[in-house]
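One structure is given here, and the rest of the page talks about it.
The values are calculated or read from the model by the stated rules, or taken from the named source; none is laboratory data. Please read these numbers as outputs of a predicted model, since none were measured by experiment. Every residue, glycine as well, gets a Cβ built from its backbone with ideal geometry; the counts of neighbours run over all protein chains shown.
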Amino acid sequence: MHIGVSAFLTEHSGEPGTIAQTAENLGFESFWVAEHLVIPASYTTYYPRSPDGKVPDFYAHLADPFVALAAAAQATSSIKLGTGICLLPERDTITTAKAVATLDLYSNGRVILGAGAGWFPEEAEIMGVNFKRRWTHLRESVEALRELWSTDESSYEGEFVKFPAVKLFPKPVQKPYPPILLGAHDPKYAVKRVAQYADGWCPGNLSPEQAAESIPEIKRLAREAGRDPDSLEFSTLLMAQGDGPTLDTMKAYEDAGLSRLVVLAWAAATGSGVEAVKSLAPIVERAQQV
């Protein structure tokens, strides 16, 4: 069982390279950075993960994930570098393709693109996204990214993403392209989307029971779509604080088909990212017994 660590990086967290280097030295398999480009000053959306329904203030302070991961790439040699998650509909697709490919080049093929459509209508509107159609926008973004990464002359014509024949280099080191893992949380809708166009799934707080039910369905749908179900990668982001998953829980996740658990270093948002990562080191040691 691989153990990754995710962080909400802000100006209080410290230097991303030092944090990622600490994670690598402690044996974490991957280092993930969260994204929100902008947070509206006023909104009516209820945020279910906070007691008062308000979006945490630190969301407005999050660093750009690709800048942070570039610093992490230069300070490390083997740990994988992931976005957890990148809100693709809110980003220009060509700009994102260039950033990911360049990061993959400079990290020698260590990038994982965790991608999602977003949950915050007011944020989406500010960024020019049709919230009700965001999943179509996301699918088009994924398809266009792969086209830009894998062909010398690339074009795409979708409802939301469209561009004529262009040349975009450098290409990613990973061939044909870096893996794109879908961060959709609700298994009811995620299974079909992952099966159709993602390289894997990394939702938040997926239980072993949900994984055991959903993963066979994803593989079945992928096979029906003409894709190789065995090529798909399954992870989950565990957002709860505390001691992390027990050994029995890790084994249950593995039995259900997951190969990676990503634990969240909550304290990095408001204090030392290095210390936040260090506090989770026992989870890595525990996973070695799985």
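For the stretch 234-250, filtering for residues that are in contact (Cβ under 8 Å) with a residue 60 or more places away in the chain and surrounded by 14 or more Cβ atoms within 10 Å (Cβ to Cβ) leaves 3. Evaluated against (1) farther than 15 Å from Trp32 by Cβ; (2) crowded, with 18+ Cβ neighbours inside 10 Å, Gly273 falls short on exactly one condition, (1).
I'd like the full set of residues that are in a strand (DSSP E or B) and either touching a helix residue (DSSP H, G or I) at 6+ places or on another chain (Cβ under 8 Å) or hydroxyl-bearing (Ser, Thr, Tyr) (or both), limited to the stretch 213-266. Once the filter is applied, which keeps residues that are in a strand (DSSP E or B) and either touching a helix residue (DSSP H, G or I) at 6+ places or on another chain (Cβ under 8 Å) or hydroxyl-bearing (Ser, Thr, Tyr) (or both), the stretch 213-266 yields Phe234, Ser235, Thr236, Leu261, Val263. Just one residue in the set Phe131, Phe66 is surrounded by 20 or more Cβ atoms within 10 Å (Cβ to Cβ), of a type in the set (Phe, Trp, Tyr) and either farther than 18 Å from Leu237 by Cα or at pLDDT 95 or above (or both); that residue is Phe66. Scanning the stretch 98-116 for residues being buried (at least 24 other Cβ atoms within 10 Å of the Cβ) and farther than 18 Å from Trp32 by Cβ gives a total of 0. Taking only pairs six or more apart or across chains, which ones have beta-carbon atoms under 6 Å, a first residue in the stretch 99-115 that is in contact (Cβ under 8 Å) with a residue 24 or more places away in the chain, and a second residue that is of a type in the set (Ser, Thr, Tyr)? These pairs meet every condition: Leu113/Thr83; Gly114/Thr83. Looking for something part of a loop (DSSP other than H, G, I, E, B), of a type in the set (D, E, K, R) and modelled with pLDDT of 95 or more - is there at least one such residue anywhere in the stretch 198-205? Yes, there is a match, as at least one residue in the stretch 198-205 is part of a loop (DSSP other than H, G, I, E, B), of a type in the set (D, E, K, R) and modelled with pLDDT of 95 or more.
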